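Each remark here refers to the structure printed beneath this line.
What follows draws every value from the coordinates through simple rules; no lab data is involved. Keep in mind it's a predicted model, so treat the numbers as computed, not measured. When we count neighbours, we look across all protein chains shown, and the Cβ atoms used for this are built from the backbone with ideal geometry, even at glycine.
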């Protein structure tokens with residue numbers, strides 16, 4: 001049974017002295033979770049499109065933009081990643097010459 005603590009692993013999550021790091025154990029679990037979410041989403045997507053068939057395209061686009069903005073702000077705040085987000089946006093602006 002692999003050891004699931006960080007003692008014995010370096011910062012990159014690789015094995016050191018025969019011990020499995022937490023990162024090496026969690027990556028397959030995250031992959032399986034991502035697979036399940038994407039497959040369920042792909043299966044439910046036709047129901048979403050059918051429900052939207054009677055709506056104006058501009059209304060759908062506006063709803064999706066606003067909903068995405070609200071969800072992204074909530075996620076950034078929930079995970080306290082807004083500073084990293086601002087740094088990433090600033091770095092993109094610096095590379096584009098803007």
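Could you work out Rg/(2.2 N^0.38 Å) for the stretch 34-98, with Rg from alpha carbons only?
On the way: Rg = 16.6 Å, N = 65, 2.2 N^0.38 = 10.7 Å.
Computed over Cα atoms of the stretch 34-98, the ratio equals 1.55.
In this rough spin-label picture, where each label sits 7 Å from Cα along the Cβ direction, the residue 76-residue 57 distance is 2.9 nm. In plain terms, the chain from residue 32 to residue 91 could stretch by 18.0 nm, reckoned as 0.36 nm per residue minus the Cα-Cα distance.
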